Amino acid sequence: QVQLVESGGGLVQAGGSLRLSCAASGSIFSINAMGWYRQAPGKQRELVAAITSGGSTNYADSVKGRFTISRDNAKNTVYLQMISLKPEDTAVYYCKMEITTIPRRYEYVYWGQGTQVTVSS
C-alpha cells in the first residue's frame, strides 16, 4: 500500500506565498514523475506543474514565473512553491505520483487527498 499526504494549503492574500508538500509512504520501489494539479469549483482538474525523475520540469502557462516545483527523492516528497498568488489560483490542489511498488515492481498512479488554497483579493 502507498499513501500520499499533502500539507501546506490555506488562506492567503493576493500577492502572498504558500508552499505545498506531498509525501509518499509505503511499499515504494521508485517514483517516476511527480506533479501538481488543481481543480477550481465548476472547472476541470488541470495540470499546474510536473517534474520527472531526472528533474525536468513543466508548468502551465498561467503559473510560469510564479510557481516552482521541486522534489526530494530521499524523502519521497514533492513541493510546490507558490509566490505572487492571485485570486484565480484559488482551487483544491492535488499531488500525483507515478510509483513503482514492491514486491511486484508494478507502476501505479497515486493521488493525494487534496489541499485547499484560497487567495483573497
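The values are calculated or read from the model by the stated rules, or taken from the named source; none is laboratory data. No experiment lies behind these values; they were computed from the predicted model shown. Here Cβ is always computed from backbone atoms with ideal geometry, including for glycine, and neighbour counts include all displayed protein chains. For the accessible areas, the whole protein counts, side chains as well, though only heavy atoms, and no ligand, DNA or RNA atoms are used. Shrake-Rupley method; radii C 1.70, N 1.55, O 1.52, S 1.80 Å.
Does Ala23 satisfy the criteria of being within 24 Å of Pro103 (Cα to Cα), in contact (Cβ under 8 Å) with a residue 24 or more places away in the chain and surrounded by 13 or more Cβ atoms within 10 Å (Cβ to Cβ)?
It is true that Ala23 is within 24 Å of Pro103 (Cα to Cα), in contact (Cβ under 8 Å) with a residue 24 or more places away in the chain and surrounded by 13 or more Cβ atoms within 10 Å (Cβ to Cβ).
Return the residues of the range 34-49 that are hydrophobic (A, V, I, L, M, F, W, C), part of a strand (DSSP E or B) and either open to solvent by 30 Å² or more (accessible area, probe 1.4 Å) or over 15 Å from Val109 (Cβ atoms) (or both); say none if nothing qualifies.
Leu47, Val48, Ala49
Give the residue, chosen from Tyr79, Tyr59, Tyr108, that is closer than 18 Å to Val5 by Cα and open to solvent by 40 Å² or more (accessible area, probe 1.4 Å).
Of Tyr79, Tyr59, Tyr108, the one residue that is closer than 18 Å to Val5 by Cα and open to solvent by 40 Å² or more (accessible area, probe 1.4 Å) is Tyr108.
Here's the yes/no breakdown for (1) more than 13 Å from the chain's Cα centre (by Cα); (2) modelled with pLDDT of 95 or more; (3) β-branched (Val, Ile, Thr):
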position	(1), (2), (3)
Arg45	no, yes, no
Ala50	no, yes, no
Lys64	yes, yes, no
Thr68	no, yes, yes
Asn76	no, yes, no
Pro87	yes, yes, no
Lys96	no, yes, no
